Amino acid sequence: MNLKIANIIGTYLGLGLSKFAPGTVGSLGTLPLAYLLVRFGGFWALVIASIVIFFVGVKAVDVITKESGVEDPSKVVIDEVVGQLLSFSIVAYLAPEYLLDKASFIYYIAGFLFFRFFDILKMGPVKYADKEIKNAYGVMLDDVFAGIFAACMLLGVLFFMVNS
């Protein structure tokens, strides 16, 4: 993969070039993609897209980090894309209608907030991947773990909302 393609992918079409909070901008920019994946392909589209983006992202991150000499450049937000997509996975599997109805914005906002919380807080496996795995996989995996934590929290929101 050449550097130009790696930068397009790694910055998620340039969203990572934001001067203010590129990770947050990249995560927000993922919400329409998550909606479209759930709407037109459901859980499996979300999971397959996450897997494909993960591996393409690893390659892009590898190229960018080798070129820049920076372990985790702030402009790289493709990792946030994967984590943010995964944050909706459990609800997309168990109750996809909640991600598609008129009130679905509540779940997308909650999933976004939970993901950013775990991505920024970096506890447990999120911290381990971020600090101990010193390659492109580490850059990507910390957000995968944050997305899994966010998915569990979003399941709690679903349970609370349905049983209220």
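Whether any residue in the range 2-25 is touching an Asp or Glu at 6+ places or on another chain (Cβ under 7 Å), assigned to a helix (DSSP H, G or I) and among the aliphatic types (A, V, I, L, M) is what I want to check.
Within the range 2-25 (the criterion being touching an Asp or Glu at 6+ places or on another chain (Cβ under 7 Å), assigned to a helix (DSSP H, G or I) and among the aliphatic types (A, V, I, L, M)), the answer is yes, since at least one residue qualifies.
Residues of the range 132-160 being open to solvent by 60 Å² or more (accessible area, probe 1.4 Å), charged (D, E, K, R) and either at positive phi or part of a helix (DSSP H, G or I) (or both), which ones?
Result: Glu132, single match.
Has the range 66-82 got any residue that is closer than 17 Å to Phe115 by Cα, crowded, with 16+ Cβ neighbours inside 10 Å, without any contact (Cβ under 8 Å) to a residue 60 or more places away in the chain and of a type outside the set (Val, Ile, Thr)?
no
Condition first: of a type in the set (D, E, K, R), open to solvent by less than 50 Å² (accessible area, probe 1.4 Å) and within 17 Å of the chain's Cα centre (by Cα). Can you find one or more residues in the range 53-65 that meet it?
no
Yes or no: the range 34-54 includes at least one residue that is in contact with a Gly (Cβ under 7 Å, 6 or more places away or on another chain) and assigned to a helix (DSSP H, G or I).
No, the range 34-54 contains no residue that is in contact with a Gly (Cβ under 7 Å, 6 or more places away or on another chain) and assigned to a helix (DSSP H, G or I).
Residues of the range 88-131 being closer than 19 Å to Thr30 by Cβ, open to solvent by 90 Å² or more (accessible area, probe 1.4 Å) and either touching a His at 6+ places or on another chain (Cβ under 6 Å) or not in a helix (DSSP H, G or I) (or both), which ones?
Selection gives nothing.
The values are calculated or read from the model by the stated rules, or taken from the named source; none is laboratory data. Just so you know, these numbers come straight off a predicted model, no measurement behind them. Cβ sites come from the backbone with ideal geometry, for glycine too, and all protein chains shown count toward neighbours. Surface areas here come from the heavy atoms of the whole protein model, side chains and all, with no ligands, DNA or RNA. Shrake-Rupley method; radii C 1.70, N 1.55, O 1.52, S 1.80 Å.
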